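Written below as structure tokens is the structure these notes are about.
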Amino acid sequence: LKAIDLFIQKNKIKFNTFFDPFSGTGCVAEYFNKENNSIVANDLLFSNYVFLKTFLNIKKTDDNKIKKIITKFNKIKSLKENYFSKNYGNKFFTMNNARLIGTIREKIEKISITKDEKFILLTSLIYAIDKIANTVGHYDAYIKKLDKLSSLELNAPLIETERNKNNKVYNEDANKLADIITADMTYIDPPYNSRQYSDTYHLLENLAEWKKPPLRGKANKMNRDHIKSEYCLK
């Protein structure tokens with residue numbers, strides 16, 4: 001990030017609109033998200049779009065409401081078998097954590113909240129599960145012996161809403177989006193090898209979308225044809 005910023009400063013590049021068509025979780029877009037800038041961020045994965053919406057696009061939040069909901073989620077004790085625990089319990093997570101994740105995800109779908117509040121709660125949940133996942137940082141496989149035994153704990157994301165007033169966020173094919181976006185600066189960082197991000201982060205995508213598709217294979221992956229990137233080439 002500092003290297004990108006230094007390049008901009010050395011070349012005395014002035015910009016108001018910053019376009020990041022392959023944003024991922026939004027690190028670069030977030031770095032340049034200043035009050036006077038307009039950030040246009042995009043990613044093909046819906047789970048990444050959830051983060052982009054939360055941190056770069058929400059302009060007003062009811063912090064007390066969010067904190068109350070998260071406090072209730074963290075106090076949940078009664079757990080039943082669910083879609084998430086059946087597929088990921090005792091694999092990517094302990095069975096208890098998997099049941100809790102599925103229970104909370106179902107509650108997010110059913111409670112009375114705005115679209116923005118839903119994005120915030122999904123971000124809180126996904127960030128929380130990534131800390132206790134029985135993996136080495138991705139979901140292409142899990143460690144055979146469960147070694148992440150910590151309990152799930154959600155926290156409220158820190159959202160600097162005053163910076164987001166001019167921003168736009170998309171969940172599109174970058175090539176199609178490039179035809180309609182005008183920007184002073186574009187930062188292009190597409191996938192650079194044959195490994196598909198949807199293969200690695202399928203579990204997060206499944207949790208974010210919550211369409212409960214059939215899964216297959218040892219890692220219990222869903223069909224990912226609709227989120228395969230044409231940039232993932234050898």
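General remarks:
- Of all DSSP beta bridges in the chain, antiparallel share, percent nearest 5: 10
- Summing Lys and Arg as +1 and Asp and Glu as -1 over all other residues whose Cβ lies under 14 Å from the Cβ of I180 gives a net charge of -1.
- The mean accessible area for residues of the chain, using a 1.4 Å probe and ignoring ligands and nucleic acids, is 57 Å² per residue.
- With distances taken between every two different alpha-carbon atoms, region 78-146 has a Kirkwood hydrodynamic radius of 12.7 Å.
- Span per principal axis, largest first, for the Cα atoms of region 3-107 (Å): 58, 33, 20
- P(r) for region 154-204, from all Cα pairs and a bin width of 5 Å, is 4, 11, 15, 19, 19, 19, 11, 2 %, short bins first.
- Pairs from the table (K68/K107; K10/K168; K145/K218; K53/K75) lying more than 19 angstrom apart at Cα are K10/K168; K53/K75.
- Per-residue extension of 0.36 nm, minus the Cα-Cα distance of D184 and K60, leaves a gain of 42.0 nm for this segment.
- By accessible area, using a 1.4 Å probe on protein heavy atoms only, the chain has 49% of its surface on carbon and sulfur.
- Surface listing: K234, K168 arranged by accessible area from highest to lowest gives K234, K168, probe 1.4 Å.
- A viscosity of 0.890 mPa s and a temperature of 25 °C, combined with the Kirkwood radius over Cα pairs in Stokes-Einstein, give a translational diffusion coefficient for region 163-234 of 167 µm²/s.
- Spin-label model distance (nm) - N166 vs K12, 7 Å beyond Cα toward Cβ: 2.2
- Dimensionless Rg ratio for region 193-234, taking C-alpha atoms and the 2.2 N^0.38 Å reference: 1.17
- Rg/Rh, computed from the Cα trace of region 22-76 with Rh as the Kirkwood radius, has the value 1.08.
- Over the chain, the alpha carbon radius of gyration divided by the compact-protein estimate 2.2 N^0.38 Å works out to 1.07.
The values are calculated or read from the model by the stated rules, or taken from the named source; none is laboratory data. Note that the structure is a prediction, hence the values are computed from the model and not measured. A quick note on method: Cβ atoms are made from the backbone with ideal geometry, for glycine too, and the neighbour counts reach across all protein chains shown. We work out accessible area using only protein heavy atoms, side chains counted, and drop any ligands, DNA or RNA first. Shrake-Rupley method; radii C 1.70, N 1.55, O 1.52, S 1.80 Å.
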